[in-house]
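K.L.:
Quick one: the structure is below, and I'll ask about it shortly.
The values are calculated or read from the model by the stated rules, or taken from the named source; none is laboratory data. Worth saying up front: this structure is predicted, and the values here are computed from it rather than measured. No Cβ is skipped: glycine too gets one built from the backbone with ideal geometry, and neighbour counts run over all protein chains shown.
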Amino acid sequence: MEKQTQLTHEKHLNHLVRVVPLLCLAYGMQSYMMMSFAKGGPTGTLVLLLGLSLAMSVMALVTYDNHYVVKWQEDLFFVKTPWSWKTQQFKRQDIQSIEVIGEVDEFQTVIVKLNSKKRLTFYFVDNGHDFKKSMESSQEFSRAA
């Protein structure tokens, strides 16, 4: 069995832990202001809908971080999404290019362009540069042979 490495989302989850309380505080203050100063109309319904949309956004980000899995090994990589029951498998020789947006010390976006013109984008990953380095070193090795 070959060693598998996985793209992680720890930095983004840590960022969410720091930011979500501030978002909730700002939402609470805005809701209080709306309820205090906007007399009449569907203010309560609007506050409820905005609160639900904030909660759903946070839940969607946490679900994405915990269940969007990208693993790679010597000759291929696998992608498992939370909205699909199947795991997609891609061979390394099918990769045309890999672009990593973001520095090593922050979370990154990885864009993988395949020879079939399909484009895979992985958001909020920690080790995108490791993924790119591993994929490119393997491709250079296979091209030299």
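K.L.:
For the stretch 42-78, which positions are under 22 Å from Leu16 (Cβ atoms) and either of a type in the set (Ser, Thr, Tyr) or assigned to a strand (DSSP E or B) (or both)?
P.N.:
Scanning the stretch 42-78 gives Ser53, Ser57, Thr63, Tyr64, Tyr68, Val69, Val70.
K.L.:
A further question follows. Would you say Gly51 is small (Gly, Ala, Ser), under 22 Å from Met135 (Cβ atoms) and in contact (Cβ under 8 Å) with a residue 24 or more places away in the chain?
P.N.:
Details: small (Gly, Ala, Ser): yes; under 22 Å from Met135 (Cβ atoms): no; in contact (Cβ under 8 Å) with a residue 24 or more places away in the chain: yes.
Judged against the criteria, Gly51 is not a match.
K.L.:
Select from the stretch 1-41 the residues that are in a helix (DSSP H, G or I) and within 30 Å of Gln73 (Cβ to Cβ) and list them in ascending order.
P.N.:
Filtering the stretch 1-41 down to residues in a helix (DSSP H, G or I) leaves 10-37.
Glu10, Lys11, His12, Leu13, Asn14, His15, Leu16, listed by residue number.
Residues are listed down the side, and each one gets a yes or a no for (1) among the β-branched types (Val, Ile, Thr); (2) exposed (fewer than 14 other Cβ atoms within 10 Å of the Cβ); (3) at pLDDT 90 or above; (4) in contact with a Phe, Trp or Tyr (Cβ under 8 Å, 6 or more places away or on another chain):
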residue	(1), (2), (3), (4)
Gly44	no, yes, no, no
Leu54	no, no, yes, yes
Thr63	yes, yes, yes, no
Lys71	no, no, yes, yes
Glu74	no, yes, no, no
Thr81	yes, no, no, yes
Lys91	no, yes, yes, no
Ile101	yes, yes, yes, no
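K.L.:
Go through His15, His67 for me and flag whichever is modelled with pLDDT under 95, within 30 Å of Gln93 (Cα to Cα) and not small (Gly, Ala, Ser). Show your work before the answer.
P.N.:
Values: His15 fails: within 30 Å of Gln93 (Cα to Cα).
Just a single option satisfies the conditions, and that option is His67.
K.L.:
Out of everything in the stretch 70-118 that is without any contact (Cβ under 8 Å) to a residue 24 or more places away in the chain and among the basic types (Lys, Arg), what residue ends up being farthest from Glu10 (Cα to Cα)?
P.N.:
The selected residue is Lys117.
K.L.:
Can you tell which of Ser142, Ser116, Ser137 is over 26 Å from Leu61 (Cβ atoms) and at pLDDT 90 or above?
P.N.:
Being over 26 Å from Leu61 (Cβ atoms) and at pLDDT 90 or above holds for just one of Ser142, Ser116, Ser137, which is Ser116.
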